[in-house]
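No value in this document is a laboratory result; all are computed from the given coordinates. Everything numeric in this text was worked out from a predicted model, so none of it was measured. Glycine also receives a Cβ, built like all others from the backbone with ideal geometry; neighbour counts cover every protein chain displayed.
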Amino acid sequence: MRNGPLVHRRARASRFAYGTPTPLERLHALAAFGSPHTFARHARPAAPEAARFEPQRLHLGSRLPINLRHFLAEQLGPTMRIEDDTIVALRPSSSEALMRELARAIRRFSAERAREAWSECAILLDRLEREFFASVSDECGPVVLCLRCSCVGAGPLDQHCGTRCLPVHLGAEVRAQQLEGKCANGTLTPDALHHAVEHFRNQRTEAGLPHYDLDCYVAGGQVIFTWRPLPA
């Protein structure tokens, strides 16, 4: 069984850009967001403008990182609804005004991240699948991301069972997605990894333990896991 670090740990000031390309890069490219609606003419009098308002939806094509999604929800809650892979405008406004508001919120998020220290582990998505998730057999060993060691590994990971290590069990959640047919042709998907991260965060929250804002996103063919550094 393979075991050991794929990427060395580094806690540092965040270089947050969430990669290229990402849903953020597409925000300004999707002209459909806020495009004017065409209404057919009717003999009856037109309804008041407020009654005709239909929420505009910006489909991002993939999930926003969890921490960014939460930040945007806090910042833009009254005007927009932030979903996993969609942003819904809740008030009538021009597309330009909506994009400016989004851009300002994203800049605030990036500025805050740049002032903080974050740990990171990156690995090519196809390598992660090939080396750890090529088979959905129950005989496969556990696959974990260790937040202390900043590495992904598989097998009898005894060295990640100590009190100082904090393993995130990726394998069980990802394989559940594969077995349920939620991964096309059984291949590893970013959504499956998002589910694994969200499962870890939810479990830690329910237990009253910190989840260190663990997050993940895919950029340039790489999966990047980020989290706040663990206490020394």
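Mind checking the full-extension length gain between residue 57 and residue 84? Use 0.36 nm per residue of separation minus the Cα-Cα distance, one decimal, nm.
Values: separation 27, 0.36 × 27 = 9.72 nm, distance 1.24 nm.
In short, 8.5 nm is gained.
Can you figure out the FRET efficiency of residue 124 with residue 96, using R₀ = 45 Å and their beta-carbon distance, to the nearest 0.05?
Efficiency computed from Cβ-Cβ geometry: 0.75.
Which residues' amide hydrogens lie under 5 Å from the amide hydrogen of residue 90, considering only partners 5 or more residues apart or on another chain, with H built in the peptide plane?
Those lying under 5 Å, H to H, from residue 90 are 80, 81.
Enumerate the calculated ³J(HN,Hα) couplings along the stretch 199-207 in order (Karplus 6.51 cos²θ - 1.76 cosθ + 1.60, θ = phi - 60°), each rounded to whole Hz, writing x wherever the residue is Gly or Pro.
Result, rounded to whole Hz: 4, 4, 4, 5, 4, 5, 5, 4, 8.
Each residue of the stretch 110-115 in turn: what ³J(HN,Hα) in whole Hz from Karplus with 6.51, -1.76, 1.60 and θ = phi - 60°, glycine and Pro shown as x?
Residue by residue, the stretch 110-115 yields 4, 5, 5, 4, 5, 8 Hz.
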